[in-house]
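Encoded as structure tokens, the structure appears first; notes follow it.
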Amino acid sequence: MLHLGRLCMVSAAMALAACTTGSLRSDAPPLSVSSTAADSPAAQLQWLDRVTWGANASSQAELAKTGLARWMGRQLKPQPQPLPPAAQAQIDAMTISRTPLDQLVIGLDAQRKAADALPDEDQKKAARQAYQQELTRLAREAQQRFVLRALYSPNQLQEQMTWFWMNHFNVNLRKDNIRALVGDYEENAIRPHALGRFRDLLGATLHHPAMLRYLDNAQNAANRINENYARELMELHTLGVGGGYSQADVQELARVLTGVGVSAQPADAVPNVRPAVRADYVRQGLFEFNPNRHDYGPKTLLGQPIQARGLAEADEALDRLVRAPATARFISRKLAVYFVADEPPPALVDRMAAAFTRSDGDIATTLKALFESPEFAASLGRKFRDPVHYVMAGVRLAYDDRVALNVNPMLNWINRMGEPLYGHETPDGYPLNEAAWASAGQMNTRFEIARAIGANGAVLFRADDKAPLEKPAFPPLAESNTVRAMQLGLSADTREALAQAKNPQEWNTFLLASPELMRR
Amino acid sequence: MQRRELLKLLAAAPLAGAAGQLIAAPAAEGAKLLVVFLRGAYDCANLLVPTASDFYYASRPNIAIARPGQPNGALPLDSNWGLHPALAQSVMPLFQQKQASFIAFAGTDDLTRSHFETQDSIELGQALDKRRDYRSGFLNRLAGVLGGGPITDVSPIAFTDQLPIALRGDAKAANMALAGNARSGIDARQSQIIASMYRSTPLAQRVTEGFQVRDEVMRAVQAEMDAASRNAMSAKGFELVARRMAVLMRDRFDLGFVDVGGWDTHVGQGAATGYLANRFEELGRGVAGFAEEMGEDAWRQTVVVVISEFGRTFRENGNRGTDHGHGTVYWVLGGGLSAEAGGRIVGEQQVLTQATLFQNRDYPVLNEYRAVFGGLFRRMYGLSPAQLGRVFEGVAPRELRLV
């Protein structure tokens, strides 16, 4: 299967049609949805706006051809699929795509040490600045890669879930050298598990240096306990606050996690571990479990003793956390907040939590329960778009599958609205509710960005910031089939406003600034 | 006028009972409060310099501010304290006019020494031993309380891109960043058309408010440009923002919040001149510009409080900078500061020696911020204990007689 998928990638241009319609993905179980939803083009647009990063003509055509039930089945069980070559080429050229993480970080550490060792103050300052700029450049690559995939990946639900889990397992660029780590964190810890088993996802975040650095577990050692990660692991990642753990459990979990850390030493540089526990030493890339730093005393977590020893204690603890009913509810509720409503119906959360438990934490199964629910269908078009959604949806609608050559303007728009990628400082991640994103100042900024996309969107298609803009510099929104289909659902006030537009740029601006486009 | 007098009386009544004596309540309805948050934990020991402390000079061989009278020395405030010389033209004159005051040893009991943790906990203003409720910041709760009495139709604003945690909550609050040229790509006609699309939606009020604030900012910018054509030079940086804030607060808003970053000085912070001195000068010009732009009448009813999440280490580190500490110094400015506060260093204080440092490292916190704000709010607005309890649950206000 995987092999076939790769073949498709190699000869993408020729084989794309065959890949997307062939028997490759026919095994994905279709979603059961009502036939009205499946048949109505207006309803299909709404599904696209919720399940993808925003409806556009090509996804609309694909959904219409495949049928909603099968299309949703494929979104829930994505197979490897090629990006458009112009997008893939940009990603392939990135340092983060070409250099393995350990190599990258060991090189950067050497650069930092060399800078610190310079005797001349001016040279030292310049070298330190160069090091910082390289970290920033690597983070920017990760942001650009994320945007390219969100815009053009056929596996749209996987891309949305990647953002969702990046936010759930938040790390922040500004701490330490996380700018160098965050691309790999997203690529190898989050994306592969975004629709898989929650336990695998959780385990992958625990093994990643970005998380261990961000929540200080790299400093957590026997007799020098740092509780930060242990607390957030229960409060934010699994059980949720009020999920039945105590301060004593936080301390016990912190002891379980002693020695779980990061090493930037060369891979063959094994530290001098005392003989009795030498076999427990683990090194995988930058991840290190150092028995010298681990508390081997007996521990009790959530009322049960921990039986395993060494790093296996962490696995035992994660198993216990994931199987706790509080986790099923907490994760289900958060998914429902993201995909249904700020205050999701409790009955829906109950059904999702049951699916989570039944499937031993399978994310796609939990989401299937959500997408098949009447509550989901009833919520379509009502969820307020956060800034990332707003920008992605506007650009997808405006330019469909024409690949942007420079997504930096999009990153700037997202920043202006206060939701920079990997930029949330605290481990709770960005809020997912309307109140956080619908302030007076935010609305004003959104209208400016509506204008930036609608009247000056061509900035995305010049490789050089100083190159002249193509003419016209705005997207032909009114000519899009998707927009035509969408217009039927616009309010009388919005249609009246569009009728007052003096030119196509203004028409675009009004459409993108409309109340309907603020929601998904 | 009659209604206003009545409100004053009503406001004063519970206070008289609580304090056991009749204190003339200020005219709460005209009262303005601006909170300036210095994010990054500024080095307060080089702002409010403990000039009487030999220990200070021993602790900071490279970055101390010299004693008054010496070259580049501190500006004398009283026998114990001096002010950073970068504030000679801005804050010092306010201090001499008894319109500025400093609260030494101020801060929070939060001991994480994490910028973000502590910024959040201060903005939330909640008890530290309870679960944080991120939906409820202390300025928003204050707005809620004020709206129910002393200030009818209270109007809060954050001069920031996003609504800060301090202003999140049930009371409506606007936000708008004021830096930059404030030119809008959306003209008046387009704004009106966009607003019309929202008129029947729940967002209608916020959309209109966003346009209104933007228009007022643009008018303020126009006024700046007119003034500039007469005066040669216009303000830059934070002073520009601060002058715009003053115009907006004078004309329209009662409760303001702004943050200023760049205070995390682990390395090479400088002394009388250098990085931190430049930040102080910019901030000082901003604060003084704010006072000037408010105009005498409005300034008399205005209080500006400058806070930060924590202080920095008392001793300089190996990089001629300072690391994360604990207690800090708050600034209180206003045209109507009381005789007990204006031109003075207020609050509980301690002699500074190694023995009185907190954890042999930082300033102790002797004036907890919620108690200090509580005391200020009681005097500014004549709030009852019950009302104060809604802003800072379970906190006894501390009476520093600031206004």
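The values are calculated or read from the model by the stated rules, or taken from the named source; none is laboratory data. This one's a predicted model, so the numbers in the text were calculated from it and none came from an experiment. Backbone-built Cβ (ideal geometry, glycine too); neighbour counts: all protein chains shown.
What single numbered condition from (1) crowded, with 24+ Cβ neighbours inside 10 Å; (2) at pLDDT below 85 fails to hold for residue B:140?
Answer for residue B:140: the failing condition is (2).
Out of A:385, A:358, report the one residue that is within 14 Å of chain B (Cβ to nearest Cβ) and among the charged types (D, E, K, R).
So the residue among A:385, A:358 that is within 14 Å of chain B (Cβ to nearest Cβ) and among the charged types (D, E, K, R) is A:385.
State yes or no: is residue A:365 in a helix (DSSP H, G or I), free of Cβ contacts under 8 Å to residues at least 12 places away in the same chain and of a type in the set (Ser, Thr, Tyr)?
yes
Given the structure, is residue A:477 more than 13 Å from chain B (Cβ to nearest Cβ), surrounded by 15 or more Cβ atoms within 10 Å (Cβ to Cβ) and of a type in the set (A, V, I, L, M)?
So residue A:477 passes the test.
Taking residue A:119 as the residue in question, decide whether it is part of a loop (DSSP other than H, G, I, E, B), of a type outside the set (Ser, Thr, Tyr) and in contact with an Asp or Glu (Cβ under 9 Å, 6 or more places away or on another chain).
no
Every residue, every condition in (1) closer than 28 Å to residue B:120 by Cα; (2) part of a helix (DSSP H, G or I); (3) modelled with pLDDT of 95 or more, yes or no:
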position	(1), (2), (3)
B:40	yes, no, no
B:55	no, yes, yes
B:62	no, no, yes
B:94	no, yes, yes
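Search the range B:165-183 for residues that are more than 10 Å from chain A (Cβ to nearest Cβ) and farther than 20 Å from residue B:119 by Cα and pair each with any residue that is modelled with pLDDT under 85 and surrounded by fewer than 18 Cβ atoms within 10 Å (Cβ to Cβ) when their beta-carbon atoms are under 6 Å apart and the residues are at least 6 apart or on different chains.
Pairs that qualify, where the first residue is more than 10 Å from chain A (Cβ to nearest Cβ) and farther than 20 Å from residue B:119 by Cα and the partner is modelled with pLDDT under 85 and surrounded by fewer than 18 Cβ atoms within 10 Å (Cβ to Cβ), are B:182/B:218.
Report yes if some residue within the range B:191-206 is modelled with pLDDT under 95, touching a Ser or Thr at 6+ places or on another chain (Cβ under 9 Å) and within 11 Å of another protein chain (Cβ to nearest Cβ); otherwise report no.
For the range B:191-206, residues modelled with pLDDT under 95, touching a Ser or Thr at 6+ places or on another chain (Cβ under 9 Å) and within 11 Å of another protein chain (Cβ to nearest Cβ): present.
From the list B:238, B:257, B:211, which one is of a type in the set (A, V, I, L, M, F, W, C), out of contact with any Gly (no Cβ under 7 Å at 6 or more places or on another chain) and more than 10 Å from chain A (Cβ to nearest Cβ)?
B:257
This table checks each residue for (1) assigned to a helix (DSSP H, G or I); (2) at pLDDT 95 or above; (3) of a type in the set (Phe, Trp, Tyr).
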position	(1), (2), (3)
B:230	yes, no, no
B:262	no, no, no
B:268	no, no, no
B:276	yes, yes, no
B:318	no, no, no
B:326	no, yes, no
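Taking residue A:190 as meeting all but one of (1) over 10 Å from the mean Cα position of the chain (by Cα); (2) in contact (Cβ under 8 Å) with a residue 12 or more places away in the chain; (3) in a helix (DSSP H, G or I), write down the number of the exception.
Of (1) over 10 Å from the mean Cα position of the chain (by Cα); (2) in contact (Cβ under 8 Å) with a residue 12 or more places away in the chain; (3) in a helix (DSSP H, G or I), only one is false for residue A:190: (1).
Suppose we keep only residues that are closer than 15 Å to residue A:46 by Cβ and outside any helix (DSSP H, G or I) within the range A:375-390. Which one would you say is nearest to the chain's Cα centre (by Cα)?
In this case the residue turns out to be A:385.
Quick one: in the range B:112-122, which of the residues that are modelled with pLDDT of 85 or more and more than 9 Å from chain A (Cβ to nearest Cβ) is surrounded by the most Cβ atoms within 10 Å (Cβ to Cβ)?
Selected residue: B:122.
What helices (runs of 4 or more DSSP H) completely inside the range B:103-206 contain at least 1 residues that are of a type outside the set (S, T, N, Q) and over 20 Å from residue A:425 (Cα atoms)?
Per the criteria, B:138-147, B:188-198.
Out of all the residues in the range A:457-504, which are farther than 26 Å from residue A:412 by Cα and among the acidic types (Asp, Glu)?
A:479, A:493, A:496
What's the number of the only condition in (1) buried (at least 19 other Cβ atoms within 10 Å of the Cβ); (2) within 14 Å of chain A (Cβ to nearest Cβ) that residue B:99 fails to meet?
Result: residue B:99 passes all but (2).
Count, please, the residues in the range A:501-511 that happen to be more than 10 Å from chain B (Cβ to nearest Cβ) and under 13 Å from residue B:186 (Cα atoms).
Residues meeting the conditions: 3.
Taking the range A:443-458, which residues are more than 10 Å from every other protein chain (Cβ to nearest Cβ) and within 25 Å of the chain's Cα centre (by Cα)?
Within the range A:443-458, A:453, A:457 qualify.
If you take the residues of the range A:420-442 that are under 13 Å from residue A:385 (Cα atoms) and surrounded by fewer than 22 Cβ atoms within 10 Å (Cβ to Cβ), which of them is nearest to the other protein chains (Cβ to nearest Cβ)?
Step by step, filter the range A:420-442, then rank; the result is A:438.
Does the range B:356-372 contain any residue that is in contact with a Leu (Cβ under 7 Å, 6 or more places away or on another chain) and either of a type outside the set (Asp, Glu) or in a loop (DSSP other than H, G, I, E, B) (or both)?
yes
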